[in-house]
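The values are calculated or read from the model by the stated rules, or taken from the named source; none is laboratory data. As the structure is a computational prediction, the values presented were derived from the model and not from experiment. Neighbour counts run over all protein chains shown; Cβ positions are idealised from the backbone, glycine included.
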Amino acid sequence: MSVSPITKRSVLRKSAMKLFPLLTLLAVALAACQPAGVMPAAVPTALLAATPKPAATAMPAATAMPAATAMPAAAVVNVATDAKLGKILVDAKGMTLYLFTQDTNGTSVCYDQCATAWPPLLTTGAPVAGEGATGTLGVTTRKDGTQQVTYDGWPLYYYITDLQPGDTTGQGVGDVWFIVPPTGVQSAGGAQPTPAATEDDTGYGDDKSGQAAGSVTVMVGETDALDKFLVDAKGMTLYLFTNDTANTSSCYGQCATNWPPLLVAAGSTPAAQDDAPGKLGVTTRTDGTRQVTYDGWPLYYFAKDTKPGDTNGQGVGDVWFVVPPEGVQMPAPAPAP
């Protein structure tokens, strides 16, 4: 017997109504079994996505512990042997130490630009004497509170143009700066120290090149780029400053730190090789030191030249130049108004 579509719908509706209570009870039972806080499965996924989740809290970055600051060790004064100057005081790295004859009673008078060119040997504790340094070590307090090492009462210094152990370019500068023999010199009190004996018995050097007194020699060097130009006895390049006037330097203060003058000791006369035919002379600087001139041009080094053949000062500021051996015309003085 056939069943009409309406009769089939009626049968299905009645069956669903009979099952509805059972399904409802089953849903309630399942909901009761879910753990607390679990979202029922009936919640639409889109709604879940729309619910903002709390942002993850980033853990703060670990704070780096400050690096331990190493306290510098107490200064060490050692003894080294120089081929010309004999035994001299040096620091723990072999850098030459100097005294300044203008210091008095264990007190430094070298500050500001002087201390830039001649940095003091400082210590954070009692200085230590190496083998052979038989003098009395001590300290003097500088104006800024730092402790400067003294040797037999003389404050000790470096020289800015000494670039490596064994350099003694400060020896005899201005006839007031000298190396310190380990046997000591007359106690500081303004007196000139007795020169240490050297192999050729000529006493202290007198200029940046460390030459012996009376032996400042102007020579001729050469490079492919610049051809021939003046150098000292060690081959270090010499320069002129176009702002100078005849036999008069205008380079002082920081200028003289960057461009140290070629100096000669009092009573000494500079000499030139045969291939440097210009006229050598001497000009007295405002501090009383004596600077070598060539055809009226005061001669200088450049602090950034570190070895023979360096010409790093050439053309600096368009006012510093190497000096050709044939000379450079000194400009005529401006006429009086």
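Miscellaneous remarks
- Strands (runs of 3 or more DSSP E) contained entirely in segment 75-159, each with at least 2 residues that are closer than 14 Å to residue 179 by Cα: 76-82, 86-90, 98-100, 147-151
- Residue match in segment 166-177 (condition: of a type in the set (S, T, N, Q), over 20 Å from residue 262 (Cα atoms) and at pLDDT below 95): no
- Of all residues making up segment 71-108, the number that are more than 25 Å from residue 140 (Cβ to Cβ) and at pLDDT below 90: 0
- Condition check for residue 194: modelled with pLDDT under 95 and surrounded by fewer than 17 Cβ atoms within 10 Å (Cβ to Cβ): yes
- Among the residues making up segment 96-122, those that are closer than 17 Å to residue 146 by Cβ and touching a Leu at 6+ places or on another chain (Cβ under 9 Å) are 97, 120, 121.
- Members of segment 234-266 that are of a type in the set (A, V, I, L, M) and surrounded by fewer than 17 Cβ atoms within 10 Å (Cβ to Cβ): 246, 266
- Within segment 275-318, tally of residues that are aliphatic (A, V, I, L, M), touching a residue at least 40 places away in the same chain (Cβ under 8 Å) and over 15 Å from residue 257 (Cα atoms): 3
- The set of residues in segment 81-107 that are surrounded by 21 or more Cβ atoms within 10 Å (Cβ to Cβ) and either more than 13 Å from residue 120 (Cβ to Cβ) or in contact with a Lys or Arg (Cβ under 7 Å, 6 or more places away or on another chain) (or both) comprises 85, 88, 89, 90, 96.
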